[in-house]
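The values are calculated or read from the model by the stated rules, or taken from the named source; none is laboratory data. This one's a predicted model, so the numbers in the text were calculated from it and none came from an experiment. FYI the Cβ positions are ideal-geometry reconstructions off the backbone, even for glycines, and counts take in every protein chain you see. Ligands, DNA and RNA are excluded from the accessible area calculation, which covers all protein heavy atoms including side chains. Shrake-Rupley method; radii C 1.70, N 1.55, O 1.52, S 1.80 Å.
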Amino acid sequence: MSTTRAVEAVFRIESARIIAGVARIVRDVGIAEEITQDALVAALEQWPQSGVPDKPGAWLMATAKHRAVDLVRRKETYARKLAEVGRSLEDAAPPAEPTAPEDIDDDLLRLIFTACHPVLATEARIALTLRLMGGLTTQEIARAFLSTEPTVAQRIVRAKRALAKAGVPFEVPYGSDREERLGSVLEVIYLVFNEGYSATAGDDLVRPALCEDALRLARVLAGLMPKEPEVHGLAALLEFQASRIATRTGPDGEPVLLADQNRSRWNRLLIRRGVEALNRAGAGPYSLQAAIAGCHADAVRYEDTDWRTIAALYGRLVLLIPSPVIELNRAVAVSMADGPAAALPLVDALTAEPALRSYHLLPSVRGDLLERLGRPAEARAEFERAASLTRNAREETLLRERAARL
């Protein structure tokens, strides 16, 4: 591996920890990221001549922290406070490796809570989290969410400014504020994974790299917050869902329905990890969704799926999060447990929901029920409507094929 590639690989792995460590000194994630980038440039300049250090991550951390202290010292308004910080770091030699890993873990926790602060719009939280915690470039984020680089870059810049303007402290909140902020963190990771698992638009149904980034973030969070049941619930859900990614599309990228997936190709290691995380989960929304995903993972064949349990879990979930989408999923489970005739009234009741007016899965589910009830003309019309609503090219092709077969 070339030195440049080695630097890039190390930076991708270590960047979140370095940004977090620097942010604790400068108290600003935007400045922390700039200083971390400076450390990367220093490595690109020095390592080709001096060679890659034995502990490259520690080298980058030490370089970034000393640059942070230098920056802080130059700001006169912080002179007294920063003299103490600078003295403690100046008098000691740069550490060969972080001396207190638990402190760095605390810094990572502060960083993810800052990046996902509710003062930011959801899109900004997602972009900033992928940038700071996921180590993705602006180009990679833009490609993943089918946006342009300038749009994503501006979104990230505005997010950093908004955090600074709002005076968001670089800390882990406690009490009710922590509960609210944790919900924001979990939501961002969940949305990132979902966009990778079932892309809302574009030519690809699945973007595995985005799922991998979200799963890695969920694992990091579970390691940092081992006593939070919903953190383990989210981790379990993503482990279960990720276990099926390889079977969700065919050789040409076409969608493969759950009933037709080759379950022998499901990733058993990820399923085991999901079970372990589910054992530490609670009874919150992500934990209930993980339990539903676990039911699918338990079934050796599609015919063995415990649809009654899944329907009951969706019933509990909709009590926690009243949502027409969850109710639609419950109707699907009811159709599998008790037949399409039992589910059709549930789906028909959702057709007046404003939130589902442009949701392509509502006519798709209704078309499936009508087809199973022997009403092909009505089913065909529903599949055609669903195809017209989706923005994903792969899903549109599948839906039009189903309509054509009728």
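If you stretched the chain out fully between residue 262 and residue 9, how much longer would it get, using 0.36 nm times the residue separation minus the C-alpha to C-alpha distance?
Details: separation 253, 0.36 × 253 = 91.08 nm, distance 3.40 nm.
Full extension of this stretch gives 87.7 nm more.
Restricting to DSSP H runs of at least four residues, report the calculated mean residue ellipticity at 222 nm for the chain, -39500 (n - 2.57) per run over all residues, nearest 500 deg cm²/dmol. Mind showing how you got there, number by number?
On the way: 19 runs with 284 residues, N = 406.
Value at 222 nm, helices only: -23000 deg cm²/dmol.
Compute the long axis of helix 29-50 from its Cα atoms, compare it with the longest principal axis of the Cα atoms of the chain, and write down the angle in degrees, 0 to 90, nearest 10.
In the chain, helix 29-50 runs at an angle near 70 degrees to the longest axis.
Kindly report the accessible area of the chain per residue (heavy atoms of protein chains, probe 1.4 Å, no ligands, DNA or RNA), in Å². Show your work: numbers first, answer last.
Values: 19920 Å² over 406 residues.
I get 49 Å² per residue for this part.
So, with a 1.4 angstrom probe, what is the percent of accessible area on region 120-275 that is carbon and sulfur?
Values: 3560 of 6940 Å².
Roughly 51 percent, rounded to a whole number.
Given a 1.4 Å probe and every protein chain left where it sits, what share in percent of the accessible area of region 340-406 is carbon and sulfur? Mind showing how you got there, number by number?
Working: 1780 of 3520 Å².
Carbon-and-sulfur percentage of accessible area, whole number: 51.
Using the basic label-point model (7 angstrom from Cα toward the beta carbon), what is the residue 351 to residue 37 distance in nanometres?
5.3 nm
Rounded to the nearest 10 degrees, what's the angle between the helix 56-74 long axis and the longest principal axis of the chain, both from Cα atoms, 0 to 90?
Its long axis makes an angle of about 60 degrees.
Please work out, to two decimal places, the log10 of the ratio I(q)/I(0) at q = 0.17, 0.22, 0.30 Å⁻¹ from a Debye calculation in which every Cα of region 7-69 carries one identical scatterer.
These q points yield log10 I(q)/I(0) values of -0.48, -0.78, -1.33.
Give me the number: length gained by fully extending residue 219 to residue 161, i.e. 0.36 nm times residue separation minus the C-alpha to C-alpha distance, one decimal in nm.
Values: separation 58, 0.36 × 58 = 20.88 nm, distance 2.85 nm.
So the chain would gain 18.0 nm between residue 219 and residue 161.
Working from Cα positions, state the angle (0 to 90°, nearest 10) between the long axis of helix 149-166 and the longest principal axis of the chain.
Approximately 60 degrees, to the nearest ten.
Number of Lys pairs in the chain with C-alpha atoms less than 29 angstrom apart, excluding same-chain neighbours closer than eight positions?
Value for the chain: 9.
Pop a pseudo-label 7 angstrom from the Cα along the beta-carbon direction at both residue 307 and residue 378 and give the gap in nm to one decimal.
It works out to 1.8 nm between the two label points.
Under the definition of Cα pairs under 8 Å and six or more residues apart, what whole-number percent is the relative contact order of the chain?
Values: 562 pairs, mean separation 42.0, N = 406.
Once normalised by length, the contact order is 10 percent.
Using +1 at the C-beta of Lys and Arg and -1 at the C-beta of Asp and Glu, which of 133, 32, 266 has the Cα lying farthest in the positive direction of the dipole of the chain?
Checking the options against the dipole of the chain, the answer is 32.
Mind checking the dipole of the chain: about its Cα centre, +1 per Lys or Arg Cβ, -1 per Asp or Glu Cβ, Debye to the nearest 20?
For the chain, the charge dipole is close to 280 debye.
If each of residue 396 and residue 358 carries a label point 7 Å out from its Cα toward its Cβ, how far apart are those two points in nm?
Distance between label points: 1.5 nm.
Cα-based Rg of the chain per 2.2 N^0.38 Å, rounded to two decimals? Spell out each step's value before the answer.
Working: Rg = 24.2 Å, N = 406, 2.2 N^0.38 = 21.6 Å.
Ratio of Rg to 2.2 N^0.38 Å for the chain: 1.12.
Under 8 Å for C-alpha pairs, at least 6 residues apart: give me the relative contact order for region 248-333, rounded to a whole percent.
21 percent
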